[in-house]
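Down below is the structure, laid out as structure tokens.
Taken together, the values in this text are just the output of simple stated rules run on the coordinates, not laboratory data. Predicted, not measured: the structure shown is a model, and the values here were computed from it. Note that each Cβ is placed from the backbone with ideal geometry, even for glycine, and that neighbours are counted across all protein chains shown.
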Amino acid sequence: MSRKPQAPEPAPAKDSANPLWGGRFEAAAADILQAINASIDVDKRLYDEDIAGSKAHAEMLVATGIIAVADGAAILQGLETVRQEIAGGRFAFDVGLEDIHMNVEARLAQLIGAPAGRLHTARSRNDQVATDFRLWVRRALERTDLELKALQASLIERAEEQADTIMPGFTHLQAAQPVTFGHHLLAYVEMFGRDRGRMRDCAARLNECPLGAGALAGTSFPIDRHGTATALGFAAPCENSMDAVSARDFALEALAACAIAATHLSRIAEEIVLWSSAQFGFIRLSDRFTTGSSMMPQKRNPDAAELVRGKAGRILGAFVALAATMKGLALTYSKDMQEDKPPVFDAFDALSLCVRASEGMVRDLVVNRDAMEAAAGTGHSTATDLADWLVRALGLPFREAHHVTGRIVRAAEVKGLALAALSLDDMRVIEPRVTADVFGVLTPARSAASRTSYGGTAPTQVRKQIARAKERFL
Ligand code: ARG
């Protein structure tokens, strides 16, 4: 009888299975599992937060007598070494170790040996990653707040300088009423102020610590969750351990705030694109923020503004991606949730670029006052001022004044004249009581100067708004 060749024995378990949970596994992961499962390329950005969380946890384990003082000291020292290695670019990340948590712990074991194995007492990667991620988002919100504040400062500075510059104010992108450029810029200061408020609200609401929730149910060890929460700058521990490891609404809320801020940035970017076009000619972007064309030598393209506008789509996409990932998940943790980090990192990176590029463009742009003021007089933009004058001087009801003004505008149009260029006689054909006084309200500058209501466009009001904005935002 011929003997069939034997199938090769499975590789010995101990060497190939995962060092952190190899106990119940015989074989190593398939390559494709490793490829889909590993997150280290993304979540290595959490290293600082991960090590801070581990230090707080280790100190708590010592303080509560769960681990020995000597083990705790070795762990803390080892963690600091790991932190310095990563910060200094001297750390070899291993994709086989899946994520930042296991990379750090495995290196700690190399550095200090057996005590490293005690760090994960009363902890799971589920509460660990939730803690790291909250810390990261909290920092990102703080950084974004400073960047938005700098953008507001540049807008306020330019508004102060442009408080008297007359430009057309638009509705439907049609000249509506004359406004001041300073007033227009201050509108964005308000939007970015609310964006900062949303980010502050989000940072305050996320400031509860998941650490100590364990995998989902808490732990049987006598841990001190209030202690670790305080050590990491959280206001309190998360109240419910299952919520602590399941919740990602802090990230969704941050992404929503980013998406809304991005829409504001996109709108000012769109205006910069329009204003800097030859057709408008309201502003000139500096060379530092203009690109040329490889074919058309005359071109000065506002690429940075276009990309700010473009990235708004991507930032909104990040919110949609995470919302879609989370919406179907039964409690508590599922690995789907590892997909939470790429959109958040990407959105904050993109937003930071957008805010800083916008600040640069606002600081550098050169204003063409003449073009703005000339455009402010087109489209019979002072028609409302004429109607208001008819109400004030002749006591007409506004509806009637509106009708009379409409007829006068039509007369101007028929003659191909601007409203202010129409003669008194021409106006009197329509309303005999009109006097030469009316011309006092028909120029764009007079029109803007007359809008002195609170928050209005008159330079006097704009200066007051600037003073208040400095108090409120800077
Ligand atoms: N890398 C994982 C993540 O980012 C860490 C948590 C893993 N937890 C687990 N039960 N497999 O979500």
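So the values come out like this:
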item	result
Of Phe234, Ala269, Phe289, farthest towards positive along the dipole that unit charges on Lys, Arg, Asp, Glu beta carbons give the stretch 232-298	Phe289
Listed pairs Lys327/Lys470; Lys149/Lys335; Lys341/Lys470; Lys149/Lys464 exceeding 30 Å between Cα atoms	Lys327/Lys470; Lys149/Lys335; Lys341/Lys470
Relative contact order %, the chain, counting alpha carbon pairs below 8 Å whose residues are six or more apart	16
Inter-centroid distance (Cα atoms) of the stretch 348-408 relative to the stretch 159-194, Å	7
Integer Hz, Karplus 6.51/-1.76/1.60 couplings in order for the stretch 198-206, x for Gly and Pro	4, 5, 5, 4, 4, 5, 5, 6, 7
Sequence of Thr405, Thr384, Thr180 once ranked by neighbouring C-beta atoms within 10 Å, starting from the fewest	Thr384, Thr405, Thr180
Span from the the stretch 21-46 Cα centroid across to the the stretch 286-310 one, whole angstrom	44
Phi-based couplings in Hz for the stretch 264-279 (Karplus 6.51, -1.76, 1.60; Gly and Pro marked x)	5, 4, 5, 6, 5, 4, 4, 5, 5, 4, 5, 4, 8, 6, 4, 5
Calculated P(r) of the chain - Cα pairs past 39 Å, %	45
Sum of -39500 (n - 2.57) over DSSP H runs of 4+, divided by residues of the chain (222 nm, nearest 500)	-19500 deg cm²/dmol
Amide hydrogen neighbours beyond the local backbone of Thr291, cut-off 5 Å, H modeled	Asn301, Asp303
Cβ crowding within 10 Å averaged over residues, with 27-36, 264-273, 395-404 ranked highest first	264-273, 395-404, 27-36
Leu20, Leu285, Leu97, Leu386 arranged by Cβ crowding within 10 Å, fewest neighbours leading	Leu20, Leu97, Leu285, Leu386
Karplus (6.51, -1.76, 1.60) ³J(HN,Hα), θ = phi - 60°, over the stretch 93-104, in Hz, Gly and Pro reported as x	5, 10, 5, x, 8, 6, 9, 5, 5, 6, 4, 5
Between the stretch 80-133 and the stretch 434-473, the alpha-carbon center distance in angstrom	61
Footprinting exposure proxy for Tyr454, Tyr47 (fewest neighbouring C-beta atoms within 10 Å first)	Tyr454, Tyr47
Rough spin-label spacing in nm, given labels placed 7 Å along Cα→Cβ, for Thr121 and Arg24	2.3
Kirkwood hydrodynamic radius over Cα pairs of the stretch 179-257, then Stokes diffusion coefficient at 20 °C and 1.002 mPa s, in µm²/s	145
Theoretical FRET efficiency, 1/(1+(r/R0)^6), r = Cβ-Cβ of Gln174 and Asn301, R0 25 Å, to 0.05	0.45
Under 5 Å, built H, 5+ apart or other chain: amide partners of Ile283	Ser276, Asn368
